[in-house]
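Only one structure is covered here, and it is reproduced in the block below.
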Amino acid sequence: MKAKFANKKVAVILGFYNGNDYIEAQIESILNQNFKNIDIFIFDDNSKKKLESKKLKINIKKCKIKIIQRKTNLGYAKNFLLGLKEAGNEYDFYAFSDQDDIWEKDKILRGIEALNPNSLNSPKLYCSRTSYYNSECTKEIGASNIHPKKPTFANALLQNIAGGNTILMNNLARQLIIKTLKVEKFISHDWWCYQIISGAGGEVIFDKNKTVRYRQHKYNLIGKNNGFEDIKSRILEFLLGKVKTWSDINLKNLSNFRYLLTNENNEILENYLRARDSKNIFKKLNFYLKSGVFRQSNKESMVFAIGLILNII
């Protein structure tokens, strides 16, 4: 661990739900980071089989591990976001962790270096690519996409490129997010973090390196999304209006927190809302183009423009 970061503290927010099969390997990978000043907060979302620290076959003396049992099931998005608040304000950086991944040893340190601790006067979020592994986490079977365009609010309105299991954010970003937690429903914790941090003028950094071994198994809530079956599933979600439902919820939430957004991003949001609400095709396209919203793929941006005309986004 680099000496200049020795006084920094990281809180890991680990969302847990019936994940006993893989949790020990994930915790070990966190303990084995080359950055050591880490506390782990495990939020058990009312699992059927409760997680108990005394039953974990790991050396928990290497760092502080606290298990918090939810009385009711909140769903993964709220479990993570409330966990971010409940971990407390004493940390320099906050990371999200799934229950079944394996972290590369330099994951945390790469994130800290990218966020630049000597210049943390604004909200900042780091995220990266992931490697897809088989269920035993012994063989790499793919990887997430490289996103060539700069992460911005205009992108965040249409697409989430910040995988939650890769996220590290600074304290100012965390403070920004917890101002928004009274919302009734979130689509996902990571997408919301991308939207609200970029929207408020914070910096989002996407690392093209892979920092997480993303285990693929039948119990994944969200798995890889670049295979043929995954692409087919995404097309069906698009055509059946699921993407529109997600957009409705995200846009309602963002509208409730417009005071947190920069003037420029409020204008982007307003033009996109007008594009969706307009009954005139030409006005739709005009407001859409004026908003500047985009996907990382130009082809997908065109598909979304078509979806806008057909009122399915």
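The values are calculated or read from the model by the stated rules, or taken from the named source; none is laboratory data. Note that the coordinates shown come from a computational prediction; the quantities given were computed from them, not determined experimentally. Using ideal geometry, Cβ is built from the backbone for each residue, glycine included, and neighbour counts are taken over all protein chains shown. With ligands, DNA and RNA removed, areas are computed over all heavy atoms of the protein, side chains included. Shrake-Rupley method; radii C 1.70, N 1.55, O 1.52, S 1.80 Å.
Work out the charge dipole of the chain with +1 on the Cβ of Lys and Arg and -1 on the Cβ of Asp and Glu about the Cα centre, then indicate which of Ser297, Ser135, Asn253 is farthest towards its positive end.
Asn253
With just the Cα atoms defining each centre, how far is region 167-220 from region 97-136? Give it in Å.
Centre-to-centre distance over Cα atoms comes out at 11 Å.
How big is the gap, in Å, between the Cα center of region 143-159 and the Cα center of region 243-280?
Each part reduced to its Cα centre gives a spacing of 17 Å.
Applying the Karplus parametrisation 6.51 cos²θ - 1.76 cosθ + 1.60 with θ = phi - 60° to the phi angles of region 255-262, what ³J(HN,Hα) value in whole Hz is obtained for each residue in order, glycine and proline being reported as x?
5, 6, 10, 5, 5, 8, 7, 5
Per residue and in Å³, how big is the convex hull formed by the alpha-carbon atoms of region 1-158?
145
So if each residue of separation counts as 0.36 nm, and I subtract the Cα-Cα distance between Ile58 and Glu113, what length gain in nm does that give?
Residue separation times 0.36 nm, minus the Cα-Cα distance, leaves 17.0 nm.
I'd like to know which of Asn165, Leu81, Asn46 lies farthest towards the positive end of the charge dipole of the chain, counting +1 on Cβ of Lys and Arg and -1 on Cβ of Asp and Glu.
Of the options given, the answer is Asn46.
Would you work out the charge dipole size for the chain about its Cα centre, treating the Cβ of every Lys and Arg as +1 and the Cβ of every Asp and Glu as -1, and quote it to the nearest 20 debye?
For this selection, approximately 200 debye.
So how much accessible area does Asp21 have, in Å² to the nearest 10, using a 1.4 Å probe?
130
Out of the total accessible area of the chain (probe 1.4 Å, heavy atoms of protein only), what percent is carbon and sulfur?
52
I want to verify a result. In a Gaussian network model of the chain, Cα cutoff 10 Å, which of these has the top mean-square fluctuation: Asn37, Asn79, Asn280?
Highest fluctuation among the options: Asn280.
Whole percent per 5 Å bin, from 0 to the bin with the longest distance: what is P(r) over all C-alpha pairs of region 75-227?
Here the calculated profile for region 75-227 is 2, 9, 20, 23, 22, 15, 8, 2, 0.
Express in Å², to the nearest 10, the accessible area of His147 obtained by rolling a 1.4 Å probe over the protein heavy atoms while all chains stay in place.
The accessible area of His147 comes to roughly 30 Å².
What residues qualify as long-range amide H neighbours of Ser135, i.e. H under 5 Å apart, gap of 5 or more or another chain, H built at 1.01 Å from N?
Residues meeting the amide H criterion: Gln216.
Can you compute the modelled spin-label distance between Asn280 and Lys71, with each label point 7 Å from Cα toward Cβ, in nm?
Taking the simple label geometry, Asn280 and Lys71 are separated by 5.4 nm.
May I ask for log10 I(q)/I(0) of the chain at q = 0.07, 0.10, 0.11 Å⁻¹, from a Debye sum over the Cα atoms as equal point scatterers with solvent left out?
Relative scattering, expressed as log10 I(q)/I(0), comes to -0.27, -0.56, -0.68.
Thr211 accessible area, nearest 10 Å², 1.4 Å probe?
Counting only protein heavy atoms, Thr211 exposes about 0 Å² to solvent.
Rounded to whole Hz and in sequence order, give me ³J(HN,Hα) for region 130-141 from the Karplus expression 6.51 cos²θ - 1.76 cosθ + 1.60, θ = phi - 60°, writing x for Gly and Pro.
Karplus-based 3J(HN,Hα) across region 130-141 equals 10, 9, 8, 10, 5, 5, 8, 6, 10, 9, 6, 10 Hz.
Can you tally the net charge around Glu267? Count Lys and Arg as +1, Asp and Glu as -1, for every other residue whose Cβ sits under 14 Å from the Cβ of Glu267.
+1
Select from His147, Leu14, Trp191 the residue farthest towards the positive end of the dipole of the chain; place +1 on Cβ of Lys and Arg, -1 on Cβ of Asp and Glu, and compute about the Cα centre.
Leu14
Reachable aspartates and glutamates from Lys48, Cα under 19 Å, same-chain residues fewer than 8 places away excluded?
Qualifying aspartates and glutamates at Cα under 19 Å: Asp21, Glu24, Asp98, Asp100.
Taking a virtual spin label 7 Å from the Cα of Lys299 along the C-beta vector, which residues in region 145-171 bring their backbone nitrogen under 16 Å of it?
Once the point is set 7 Å along Cα→Cβ of Lys299, 145-148 turn out to lie under 16 Å by backbone N, inside region 145-171.
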